[in-house]
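Every read-out reported here was derived from the displayed coordinates using simple, explicitly stated rules and does not represent laboratory data. Keep in mind the model is a prediction, meaning the values are calculated, not measured. Virtual Cβ from ideal backbone geometry, glycine too; neighbours counted across all protein chains shown.
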Amino acid sequence: MSGHLADVCSLEQLDIRTLGRYDVVSVSRPQANRRLLTLLARCGQLGIHTVADIDDLIFVPELADQSMLVTEGHASSDNVRASYTRHKLALQHFDEVTVSTHELARYRREQAPTQSIHVLANGLSQYWLDRNSLLSKAHPSKPKQLIYISGKRSQGQDLDSVKANITAFLHQHENSELSVTGAIQLDDWELTNEKLSQAVWADPMDLPLRICQGWANIAPYLNTPENKAKSHISFIESAAFGVPSICSPIDDITQHDVPGLLIADTEQQWNDALEKLLDATYYEKAQSALLHYAKEHCTAYVATQETLQRWLALNEQSENENFTALSRTG
């Protein structure tokens, strides 16, 4: 917002001695530790509004056993439960909690009915929107490249849930490929190098290029509490480049209604969605609709206006209270 400064740094880099210059301090995915609690105590002394920002279901210890980190064998239940507990303990010390989905807000309100909790949807940055024009001439390695971007190594089960649909499609169409970004195991997919490519890791700044080269983005999610609370980020990032998406029905995605967003739950629905994208007329209409929709409805600017206005109002209220106090003592 014009006239306001936002510094981004790690908790370790933040100099607590200079906190007085800030009106709001927001901490992403906080875990309880001595440094964080010292920071929050100092903010309280200075009258600085504190915000915890959460974008995953990582603060409900009772759900630790259902975490994909546990079910896929990447971590023990005890370790995940301890991590979730530290997140939960941290949240109680903040003035406000912002979450990326309504499902996350529901869980937190059950834990803390009196805490100020707001949904701050994930949105597209100007960087993503600018990449569209710069990368418009990029071409996929295959005309029908399906892209899957995994933010976590624990999402292998999600992708496996549509393995039959995807492999059948790849075998039916000669110039097709599955392009996976993420450190997930694909050994049992039994696809040739011509049909499957994988980048174990990619710089987030390079993801626009990987996405814009896709024919379709796929976002399958198993029906778990963790997945139900996920955000629409996979859809909106693809929409920014006019790339259609086939997604499982999680609430943050099904709230959108635009050509090029296909919701699929059953094996037949996944097959139907893939077939629908083969219709050249529909595909062209979807590309245009997605580009427009992303710019109008999915930007970070649109998503953050209510939150920024609320924070500004809090700052003005604080300044007025300070002025009143000074007047009474003057």
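What ranking do Thr304, Thr38, Thr114, Thr181 get, fewest neighbouring Cβ atoms within 10 angstrom at the top? Each step should come with its number before you reach the end.
Values: Thr304 16, Thr38 11, Thr114 6, Thr181 20.
Lowest count first: Thr114, Thr38, Thr304, Thr181.
Spelling out what I want: for every residue of segment 64-69, take phi, set θ = phi - 60°, compute 6.51 cos²θ - 1.76 cosθ + 1.60 (Karplus), and round to whole Hz; glycine and proline get x.
Each residue of segment 64-69 in turn: 4, 5, 8, 5, 5, 4 Hz.
Rg(Cα) of the chain divided by 2.2 N^0.38 Å? Don't jump to the answer; show the numbers that get you there.
Working: Rg = 22.3 Å, N = 330, 2.2 N^0.38 = 19.9 Å.
That works out to 1.12 for the chain.
Once the dipole of the chain is set up with Lys and Arg at +1 and Asp and Glu at -1 on Cβ about the Cα centre, which of Ser197, Ser248, Ile149 lies farthest towards its positive end?
Positive-most Cα among the choices belongs to Ile149.
Between Glu296 and Asn79, what is the spin-label point distance in nm, taking each point 7 Å from the Cα along the Cα→C-beta axis?
Here the answer is 4.7 nm between the modelled labels.
Once the piece of chain linking Leu314 and Gln115 is laid out straight, how much longer is it, given 0.36 nm per residue of separation minus the C-alpha distance between them?
Numbers: separation 199, 0.36 × 199 = 71.64 nm, distance 1.57 nm.
Result: 70.1 nm gained on full extension.
Quick check: Cα centre of segment 50-98 to Cα centre of segment 209-272, how many Å?
Here the two parts' Cα centres lie 25 Å apart.
Report the calculated FRET efficiency for Leu5 and Thr192 (r = Cβ-Cβ distance, R0 = 35 Å), to the nearest 0.05. Mind dumping the intermediate values first?
On the way: r = 52 Å, r/R0 = 1.50.
For R0 = 35 Å, the calculated efficiency reads 0.10.
Taking amide H atoms as placed 1.01 Å from N in the peptide plane, list the residues 5 or more away in sequence, or in a different chain, whose amide H sits under 5 Å from that of Ile147.
Ser179, Trp215, Ala216, Asn217, Ile218
State, as an integer percentage, the relative contact order of segment 126-297 based on alpha-carbon contacts under 8 Å between residues 6 or more apart. The partial results should precede the final answer.
On the way: 271 pairs, mean separation 38.0, N = 172.
It rounds to 22 percent for segment 126-297.
Can you find, among His93, Leu14, His292, the residue farthest towards the positive end of the dipole of the chain? Put +1 on the C-beta of Lys and Arg, -1 on that of Asp and Glu.
Positive-most Cα among the choices belongs to Leu14.
Using the Cα centre of the chain as the reference point, and only Cβ charges (+1 on K/R, -1 on D/E), how large is the resulting charge dipole? Debye, rounded to the nearest 20.
Details: 28 positive and 42 negative charges, 176 e Å.
The dipole magnitude comes to about 840 debye.
At 7 Å along Cα-to-Cβ for each site, give me the label-to-label distance between Ser288 and Asp206 in nm.
With each label point 7 Å from Cα toward Cβ, the separation is 3.5 nm.
List the residues whose amide H sits under 5 Å from the amide H of Asp265, counting only those 5 or more places along or on another chain, with H placed 1.01 Å from N in the peptide plane.
Trp270
Near the amide H of His118, under 5 Å away, which other amide H atoms are found, from residues 5 or more places off or on another chain, if H is placed in the peptide plane?
Hits under the 5 Å cutoff: Val97, Thr98, Val99.
How much length, in nm to one decimal, is gained on full extension between Ala280 and Gln92, taken as 0.36 nm per residue of separation minus their Cα-Cα distance? Before the final figure, lay out the partial values.
Numbers: separation 188, 0.36 × 188 = 67.68 nm, distance 5.22 nm.
Difference between extended and current length: 62.5 nm.
Over the chain, what is the relative contact order in percent, taking alpha-carbon pairs closer than 8 angstrom and at least six residues apart? Intermediate values should be presented prior to the final figure.
Numbers: 496 pairs, mean separation 50.4, N = 330.
It comes to 15 percent, rounded to a whole number.
In which sequence would Arg34, Arg21 go, from the one with the fewest C-beta neighbours within 10 Å to the one with the most? Each step should come with its number before you reach the end.
Numbers: Arg34 7, Arg21 10.
With the fewest neighbours first, Arg34, Arg21 line up as Arg34, Arg21.
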